[in-house]
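Report on the structure given below.
Just so it is clear, none of the values below were taken in a lab; they were calculated from the coordinates. On a predicted model such as this, the values are computed, not experimentally measured, just so you know. Heads up, the Cβs are rebuilt from the backbone with ideal geometry, glycines too, and the neighbour counts pull from every protein chain shown.
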Amino acid sequence: MSVLIEALCLVVPNRVLDVSYPGGATAFIDEVNMRADVRYAVTDGRLSAVSMFDNSVGIQLADALEEFGIVGADGRVAVEFAFVDMQTGSSLPCDWLETAHHPHGFLIAWGAGDEPGHVAVPGDWDPSVSWKLERTDVGDDPARGTVLAWESGFTTLLDFKSGYMHETLDTQSPVVPVGREQAHSPAQWQLVPGLPASLQCVQQVLQRVGIPFHVEQHLGAIRIPFACDVTVHDASGEQQELEIRQRVLVTAGPGEHDITCTTVLPLRVPVRLRSEATRIAQITNMLCHRLQMDFEPATGTVAIITITNAGERPLTEDATERAIAAASPVAGSCYEELVEWMEDRVGYKITALNMSAHQPTE
């Protein structure tokens, strides 16, 4: 089991809460979820995670835990609870916690020595929530704070707003922002070297057409924001036009010159439908080799994967542009069908996800 990490999370083992916190882990989760300044609090049965935007909230929670004898840190090592950033990981070395990025793009944490397994998430969550979050740092804004010192692998920051000093590992976010230095000036974008040739071509296309993107070096991938218009039914059965916002993850492969676009849909399949959704994914993946449905039964999340095969020659920029442009509307069409299916409007007609309509063009 594992817990979802978004924004800044306080993570504490349940065994620590059960021993030291009044009412144990259950009481802690219930009490914290009542706070308006907390985004969510979840537990996988072994760890509890509390997400927040404001680090001053974390300080308040840490003070509350320490009142019951729960030790946060011993010098520069996390002891009985840790703060984990969604991009940079634990703020202090922590030998009882492991973190990793899920293939769908969000961060998870679990107890060292255990298996990640199923992810504990808030009840109304889907992966697009994580994808929409943009990280800011006290040190990024000179008016908000300043770096006081770098020493022995640690950075000390002074937050002008709260007056607190923060000491964290001197690490850089694995997400490398690649964007405009000035508004509407694509020519000034910085390209990241060292990527496979197919992703270098993707970078060049995105720079040329003016689409902002991030290179995630730890995943060997490029993430692109997209918006897509879809048509679904409202509660009364009337059609309504919506805009869904997605991020498409572009990776190299499976062949040397191929690219794969993965789009996590902003929806969750209800528990009662997950067995059938697993069957739908199996049928889809069996019938279509260039469109795949990645369904995760534990969380109910769905990703649509389109594969562009280049063969023995590298993809041209025109073919790359067509492949990227096709990924979002294909995912949007699949989204429409899945929503209709979940509302029991189309029965089993979705089992092939209308394969002919969703085959990506090369």
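Side notes on the structure shown:
- Compactness of segment 203-325, expressed as Rg and Dmax over alpha-carbon positions, Å: 16.4, 52
- Ile211-Ala298 FRET efficiency (beta carbon distance; Förster radius 35 Å; 0.05 resolution): 0.60
- Computed log₁₀ I(q)/I(0) - Debye formula, equal Cα scatterers, no solvent, segment 2-125, q 0.13, 0.17, 0.19, 0.20 Å⁻¹: -0.44, -0.79, -1.02, -1.15
- Computed over segment 27-72: relative contact order in percent, which uses C-alpha pairs under 8 Å that are six or more apart: 24 percent
- Exposure proxy shown here: for Met34, Met86, Met342, the number of other Cβ atoms within 10 Å sets the order, fewest to most, as Met34, Met342, Met86.
- Working from Cα pairs under 8 Å separated by at least six residues, relative contact order for segment 199-330 is 23 percent.
- Cβ-Cβ distance of Arg313 and Arg76, R₀ of 51 Å, FRET efficiency by 1/(1 + (r/R0)^6): the value works out to about 0.45.
- Short-range pairs are left out: with C-alpha atoms under 8 Å and at least six residues apart, the relative contact order of segment 2-125 is 33 percent.
- Cβ-Cβ FRET estimate between Gln60 and Val271, R0 fixed at 30 Å, reported to 0.05: 0.30
- Stretched out straight at 0.36 nm per residue, the stretch from Arg322 to Asp30 would grow longer than its current Cα-Cα span by 100.2 nm.
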